[in-house]
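Step one of this worksheet: look at the structure below.
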Amino acid sequence: MLEISSGIRHFPGYLDRFHQEAMVETIREIVSAAPLFTPVMPGTGKPMSVRMSNCGELGWVTDKDRGYRYQPVHPLIGEPWPPIPPELLDIWTAVSGYPLPPQACLINFYSDDAKMGLHQDKDEQDLKAPVVSISLGNSCLFRIGGTARNDRTQSLKLSSGDVIVLGGEGRLCFHGVDRIYPATSTLLKSGGRINLTLRRVTP
Ligand code: SIN
Ligand code: FE2
(Lines give C-alpha, C1' and ligand atoms only; values in the text may rest on other atoms or scores of the structure.)
(Ligands and ions follow the chains in the order given, each with its own letter.)
Protein backbone atom coordinates (compact mmCIF):
# COMPACT_ATOMS: atom_id res chain seq x y z
CA MET A 1 0.00 0.00 0.00
CA LEU A 2 1.26 3.48 -0.89
CA GLU A 3 -0.01 6.60 0.84
CA ILE A 4 -0.11 9.16 -2.00
CA SER A 5 -1.02 11.98 0.39
CA SER A 6 -3.01 12.22 3.60
CA GLY A 7 -6.03 9.90 3.27
CA ILE A 8 -5.27 8.82 -0.31
CA ARG A 9 -4.10 5.23 -0.46
CA HIS A 10 -3.06 3.19 -3.50
CA PHE A 11 -3.09 -0.62 -3.45
CA PRO A 12 -1.29 -1.68 -6.67
CA GLY A 13 -2.38 -5.10 -7.93
CA TYR A 14 -4.98 -5.56 -5.19
CA LEU A 15 -6.88 -8.01 -7.42
CA ASP A 16 -4.91 -10.75 -9.15
CA ARG A 17 -5.74 -11.83 -12.69
CA PHE A 18 -8.15 -14.56 -11.58
CA HIS A 19 -10.16 -12.12 -9.47
CA GLN A 20 -10.03 -9.45 -12.20
CA GLU A 21 -11.54 -11.90 -14.70
CA ALA A 22 -14.25 -12.90 -12.23
CA MET A 23 -15.01 -9.23 -11.57
CA VAL A 24 -15.34 -8.45 -15.29
CA GLU A 25 -17.80 -11.33 -15.65
CA THR A 26 -19.81 -10.01 -12.71
CA ILE A 27 -19.83 -6.50 -14.19
CA ARG A 28 -20.96 -7.83 -17.60
CA GLU A 29 -23.94 -9.47 -15.90
CA ILE A 30 -24.80 -6.24 -14.08
CA VAL A 31 -24.54 -4.20 -17.27
CA SER A 32 -26.75 -6.64 -19.17
CA ALA A 33 -29.50 -5.92 -16.59
CA ALA A 34 -28.65 -2.21 -16.19
CA PRO A 35 -27.41 -1.04 -19.61
CA LEU A 36 -24.64 1.51 -20.04
CA PHE A 37 -25.87 5.06 -20.67
CA THR A 38 -24.04 8.16 -21.85
CA PRO A 39 -24.02 10.79 -19.12
CA VAL A 40 -24.31 14.46 -20.10
CA MET A 41 -23.13 17.61 -18.35
CA PRO A 42 -25.76 19.59 -16.42
CA GLY A 43 -26.77 22.78 -18.22
CA THR A 44 -24.89 22.30 -21.47
CA GLY A 45 -26.02 18.74 -22.17
CA LYS A 46 -22.53 18.00 -23.50
CA PRO A 47 -21.98 14.22 -23.45
CA MET A 48 -19.15 12.82 -21.37
CA SER A 49 -16.75 10.43 -23.07
CA VAL A 50 -17.32 7.60 -20.58
CA ARG A 51 -20.38 5.38 -20.52
CA MET A 52 -21.89 4.52 -17.16
CA SER A 53 -24.08 2.21 -15.18
CA ASN A 54 -24.46 1.46 -11.47
CA CYS A 55 -25.28 -1.18 -8.95
CA GLY A 56 -26.48 -0.71 -5.39
CA GLU A 57 -29.54 0.83 -3.76
CA LEU A 58 -28.56 4.18 -5.29
CA GLY A 59 -26.89 5.04 -8.59
CA TRP A 60 -25.13 8.22 -9.67
CA VAL A 61 -26.69 9.80 -12.77
CA THR A 62 -26.59 13.14 -14.55
CA ASP A 63 -28.57 14.82 -17.26
CA LYS A 64 -29.00 18.25 -18.81
CA ASP A 65 -31.96 19.41 -16.75
CA ARG A 66 -31.62 17.73 -13.38
CA GLY A 67 -27.82 17.54 -13.06
CA TYR A 68 -25.72 15.31 -10.84
CA ARG A 69 -27.65 13.18 -8.36
CA TYR A 70 -28.24 9.76 -6.88
CA GLN A 71 -31.41 7.84 -7.63
CA PRO A 72 -32.71 4.35 -6.91
CA VAL A 73 -33.66 3.52 -10.51
CA HIS A 74 -31.93 3.33 -13.88
CA PRO A 75 -32.60 6.50 -15.93
CA LEU A 76 -33.47 4.62 -19.14
CA ILE A 77 -35.34 1.53 -17.98
CA GLY A 78 -36.74 2.85 -14.68
CA GLU A 79 -35.81 -0.35 -12.81
CA PRO A 80 -33.92 -0.56 -9.51
CA TRP A 81 -30.17 -1.03 -9.95
CA PRO A 82 -28.84 -4.58 -9.45
CA PRO A 83 -27.38 -5.15 -5.98
CA ILE A 84 -23.69 -4.60 -5.24
CA PRO A 85 -22.10 -8.06 -5.59
CA PRO A 86 -20.42 -9.68 -2.55
CA GLU A 87 -16.92 -9.50 -4.06
CA LEU A 88 -17.19 -5.69 -4.18
CA LEU A 89 -18.60 -5.52 -0.65
CA ASP A 90 -15.57 -7.56 0.47
CA ILE A 91 -13.16 -5.03 -1.04
CA TRP A 92 -14.99 -2.21 0.73
CA THR A 93 -14.83 -4.06 4.05
CA ALA A 94 -11.12 -4.72 3.60
CA VAL A 95 -9.97 -1.22 2.65
CA SER A 96 -12.57 1.40 3.64
CA GLY A 97 -12.21 1.26 7.43
CA TYR A 98 -15.87 2.35 7.52
CA PRO A 99 -18.52 0.52 9.56
CA LEU A 100 -21.44 0.90 7.12
CA PRO A 101 -21.63 -0.76 3.69
CA PRO A 102 -21.49 1.17 0.40
CA GLN A 103 -24.84 2.16 -1.14
CA ALA A 104 -23.69 2.97 -4.67
CA CYS A 105 -21.24 1.50 -7.12
CA LEU A 106 -20.70 3.63 -10.20
CA ILE A 107 -19.47 1.66 -13.21
CA ASN A 108 -17.49 3.79 -15.66
CA PHE A 109 -16.54 2.32 -19.00
CA TYR A 110 -13.74 4.13 -20.82
CA SER A 111 -13.00 3.45 -24.46
CA ASP A 112 -9.31 3.95 -25.24
CA ASP A 113 -9.95 7.60 -26.18
CA ALA A 114 -12.14 8.49 -23.21
CA LYS A 115 -11.08 10.62 -20.27
CA MET A 116 -12.57 12.33 -17.24
CA GLY A 117 -11.96 15.94 -16.27
CA LEU A 118 -10.72 17.02 -12.86
CA HIS A 119 -13.61 16.95 -10.37
CA GLN A 120 -14.50 16.34 -6.72
CA ASP A 121 -16.87 13.59 -5.57
CA LYS A 122 -19.22 15.71 -3.50
CA ASP A 123 -22.75 14.62 -4.31
CA GLU A 124 -22.80 12.42 -1.20
CA GLN A 125 -24.25 13.56 2.13
CA ASP A 126 -21.88 11.28 4.05
CA LEU A 127 -18.41 12.68 3.48
CA LYS A 128 -16.95 10.70 6.39
CA ALA A 129 -17.08 7.49 4.34
CA PRO A 130 -14.25 7.10 1.84
CA VAL A 131 -14.55 6.53 -1.90
CA VAL A 132 -13.12 3.18 -2.99
CA SER A 133 -12.14 2.91 -6.64
CA ILE A 134 -11.12 -0.21 -8.59
CA SER A 135 -9.41 -0.25 -11.99
CA LEU A 136 -9.79 -3.01 -14.60
CA GLY A 137 -8.40 -3.31 -18.14
CA ASN A 138 -6.07 -0.85 -19.79
CA SER A 139 -3.92 1.40 -17.61
CA CYS A 140 -4.70 5.07 -17.21
CA LEU A 141 -2.97 8.26 -16.22
CA PHE A 142 -4.76 9.35 -13.05
CA ARG A 143 -4.32 12.89 -11.78
CA ILE A 144 -4.90 13.83 -8.19
CA GLY A 145 -4.71 17.22 -6.51
CA GLY A 146 -5.86 18.97 -3.36
CA THR A 147 -9.22 20.26 -2.23
CA ALA A 148 -8.93 23.43 -4.34
CA ARG A 149 -9.12 23.17 -8.11
CA ASN A 150 -5.86 25.06 -8.56
CA ASP A 151 -3.82 23.05 -6.04
CA ARG A 152 -0.76 21.31 -7.38
CA THR A 153 -1.58 17.87 -8.80
CA GLN A 154 0.37 14.66 -9.08
CA SER A 155 -0.08 12.01 -11.72
CA LEU A 156 0.13 8.28 -11.32
CA LYS A 157 -0.51 5.31 -13.52
CA LEU A 158 -3.36 3.03 -12.44
CA SER A 159 -3.22 -0.53 -13.72
CA SER A 160 -5.70 -3.39 -13.90
CA GLY A 161 -6.46 -4.70 -10.43
CA ASP A 162 -5.35 -1.54 -8.59
CA VAL A 163 -7.50 -0.06 -5.82
CA ILE A 164 -7.45 3.58 -4.70
CA VAL A 165 -9.09 4.87 -1.52
CA LEU A 166 -9.95 8.56 -1.14
CA GLY A 167 -10.66 9.10 2.53
CA GLY A 168 -10.00 11.45 5.40
CA GLU A 169 -8.35 14.65 4.22
CA GLY A 170 -8.26 13.22 0.70
CA ARG A 171 -12.00 12.58 0.48
CA LEU A 172 -12.73 15.81 -1.40
CA CYS A 173 -9.55 16.07 -3.44
CA PHE A 174 -9.85 16.87 -7.13
CA HIS A 175 -9.11 13.92 -9.40
CA GLY A 176 -9.54 12.87 -12.99
CA VAL A 177 -8.34 10.58 -15.77
CA ASP A 178 -6.12 12.30 -18.35
CA ARG A 179 -5.75 9.37 -20.70
CA ILE A 180 -6.03 5.64 -21.23
CA TYR A 181 -2.98 3.72 -22.45
CA PRO A 182 -4.22 1.38 -25.22
CA ALA A 183 -3.13 -2.27 -25.27
CA THR A 184 -1.64 -2.25 -21.77
CA SER A 185 -3.90 -5.08 -20.54
CA THR A 186 -5.42 -8.19 -22.11
CA LEU A 187 -8.28 -8.31 -19.60
CA LEU A 188 -10.95 -6.67 -21.80
CA LYS A 189 -11.18 -8.19 -25.28
CA SER A 190 -12.14 -4.91 -26.94
CA GLY A 191 -9.72 -2.76 -24.96
CA GLY A 192 -10.68 0.19 -22.82
CA ARG A 193 -10.89 0.45 -19.07
CA ILE A 194 -13.53 -0.14 -16.41
CA ASN A 195 -13.55 1.83 -13.19
CA LEU A 196 -15.77 0.83 -10.27
CA THR A 197 -16.37 3.44 -7.59
CA LEU A 198 -17.97 2.42 -4.29
CA ARG A 199 -19.57 5.13 -2.20
CA ARG A 200 -21.69 5.67 0.84
CA VAL A 201 -24.33 8.33 0.07
CA THR A 202 -26.32 8.89 3.27
CA PRO A 203 -24.88 8.97 6.85
C1 SIN B 1 -14.29 8.85 -11.18
O2 SIN B 1 -13.71 9.73 -10.56
O3 SIN B 1 -15.53 8.76 -11.20
C4 SIN B 1 -13.53 7.83 -11.97
C5 SIN B 1 -12.10 7.73 -11.61
C6 SIN B 1 -11.41 6.67 -12.42
O7 SIN B 1 -11.88 6.34 -13.52
O8 SIN B 1 -10.37 6.15 -11.98
FE1 FE2 C 1 -14.63 10.89 -9.09
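Name the residues in region 110-135 that are more than 10 Å from ligand 1 (Cβ to nearest atom), among the hydrophobic types (A, V, I, L, M, F, W, C) and within 13 Å of the chain's Cα centre (by Cα), would you?
Going through region 110-135, the residues more than 10 Å from ligand 1 (Cβ to nearest atom) turn out to be 111-113, 122-130, 132.
With among the hydrophobic types (A, V, I, L, M, F, W, C) added as a condition, the list becomes 127, 129, 132.
If the condition is that a residue be more than 10 Å from ligand 1 (Cβ to nearest atom), among the hydrophobic types (A, V, I, L, M, F, W, C) and within 13 Å of the chain's Cα centre (by Cα), then Val132 is the only one that fits.
Restricting attention to region 145-158, does a residue exist that is among the charged types (D, E, K, R) and more than 23 Å from Met48 (Cα to Cα)?
There is at least one residue in region 145-158 that is among the charged types (D, E, K, R) and more than 23 Å from Met48 (Cα to Cα).
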Subject >> Residue selected from region 73-124 under the condition outside any loop (DSSP other than H, G, I, E, B) and acidic (Asp, Glu), by the criterion surrounded by the fewest Cβ atoms within 10 Å (Cβ to Cβ) >> reply: Asp90
**OP:** State which residue pairs qualify: first residue more than 22 Å from Tyr110 (Cα to Cα) and of a type outside the set (D, E, K, R) and inside region 123-142, second residue away from ligand 1 (no atom under 11 Å from the Cβ) and modelled with pLDDT of 95 or more in any location, beta carbons under 6 Å apart, and separation of 6 or more residues or different chains.
**Re:** Gln125/Thr202; Leu127/Arg171; Ala129/Tyr98; Ala129/Arg200; Pro130/Ser96; Pro130/Val165; Pro130/Gly167
Subject >> Residue list for region 81-117, filter: among the small types (Gly, Ala, Ser) and without any contact (Cβ under 8 Å) to a residue 40 or more places away in the chain >> reply: Ala94
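Yes/no matrix, rows are residues, columns are (1) surrounded by 13 or more Cβ atoms within 10 Å (Cβ to Cβ); (2) free of Cβ contacts under 8 Å to residues at least 24 places away in the same chain; (3) closer than 27 Å to Cys173 by Cα; (4) in contact with a strand residue (DSSP E or B) (Cβ under 7 Å, 6 or more places away or on another chain):
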| site | (1), (2), (3), (4) |
| --- | --- |
| Ser6 | no, no, yes, no |
| Arg17 | yes, no, no, no |
| Val24 | yes, no, no, yes |
| Thr38 | no, yes, yes, yes |
| Gly43 | no, no, yes, no |
| Val50 | yes, no, yes, yes |
| Gly56 | yes, no, yes, yes |
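The values are calculated or read from the model by the stated rules, or taken from the named source; none is laboratory data. Remember, it's a predicted structure, so these values are computed and weren't measured experimentally. Cβ: placed from backbone, ideal geometry, glycine included. Neighbour counts: every protein chain shown.
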